[in-house]
1. For region 5-102, what is the charge dipole size about the Cα centre, in debye to the nearest 20, if Lys and Arg each add +1 at the Cβ and Asp and Glu each add -1 at the Cβ?
2. Counting other Cβ atoms within 10 Å, which GluC sites (Glu not before Pro) in region 1-88 have at most 15 and lie in a DSSP loop?
3. Just rank PHE141, PHE66, fewest to most, by other beta-carbon atoms within 10 angstrom.
4. Go through LYS29/LYS58; LYS21/LYS82; LYS18/LYS58; LYS18/LYS114; LYS29/LYS102; LYS21/LYS114 and tell me which ones have a Cα-Cα distance over 20 Å in this structure.
5. Once you have a ≥ b ≥ c as the square roots of the Cα gyration tensor eigenvalues for region 2-158, tell me rounded if a/c is under 1.5, and otherwise prolate or oblate according to whether a/b is larger than b/c.
6. What is the Cα centroid distance between region 76-104 and region 1-28, reported in whole angstrom?
7. What is the list of residues in region 91-117 whose amide nitrogen lies under 14 Å from a point 7 angstrom out from the Cα of LEU139, following Cα to Cβ?
Amino acid sequence: MKETYTLVMACEEPFRVKIGKIGHALIEKGLFLYTGSALGRGGASLERRIERHYHRSKRVRWHVDFLTIRPEISIKKTICLKSLERFECRINQLIMSELTGKPIILHAGATDCKCDAHLLSVGVADAQWILNRLQQIYLTFGNPIILDTTSKSDFSALLPSNTKGILEYSN
């Protein structure tokens, strides 16, 4: 099973941050999207990968972690898809073209592919419009589920560790 997800994040206060070895980025007030994949089981499963993003206190491992550990950033929604194919880059390309997503810095979140970036700014656009368009993009590839979570505790209730297949959607 191939699993793709997009985090919808909001920044309330601008800040400057170093994103690993690729450089510094100015994070302005607005919405940000990160599209990733989970291709494993257990700790690398979709449920665990998304749950990890909600933890502020963690070892910074991926470019998106440099944002998710910050108090200025909150994850508003997550849209997920389980499928037989890997759609991460294709979904990301549609986000860049249809939502005019701009890389926060070149290669952010995309060092393992040929995409410009998977960590994108969509500016101060209407959040509901962004979510509706994002859902339409995901519907191109299957039946997504949207997690409406604004805190780690809410998220844990949605995805308890003993719940297998709560995100079971395929094309």
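1. Working: 19 positive and 10 negative charges, 84 e Å.
Computed charge dipole of region 5-102: roughly 400 debye.
2. On the way: sites: GLU3, GLU12, GLU28, GLU47, GLU51, GLU72, GLU85, GLU88; in loops: GLU12, GLU28, GLU72, GLU85.
Loop-located and lightly packed - GLU12, GLU28, GLU72, GLU85.
3. Values: PHE141 16, PHE66 20.
With the sparsest Cβ surroundings first, the list reads PHE141, PHE66.
4. Numbers: LYS29/LYS58 24 Å; LYS21/LYS82 31 Å; LYS18/LYS58 17 Å; LYS18/LYS114 22 Å; LYS29/LYS102 14 Å; LYS21/LYS114 17 Å.
In this structure, LYS29/LYS58; LYS21/LYS82; LYS18/LYS114 lie more than 20 Å apart at Cα.
5. Values: a/c = 1.25, a/b = 1.14, b/c = 1.09.
Since a/c stays below 1.5, the shape of region 2-158 is classed as rounded.
6. Their Cα centres are 14 Å away from one another.
7. From region 91-117, the list is empty.
Every number in this text was worked out from the coordinates using simple rules, so none of it is lab data. In this text, all values refer to a predicted model and were calculated from it rather than measured experimentally. Glycine also receives a Cβ, built like all others from the backbone with ideal geometry; neighbour counts cover every protein chain displayed.
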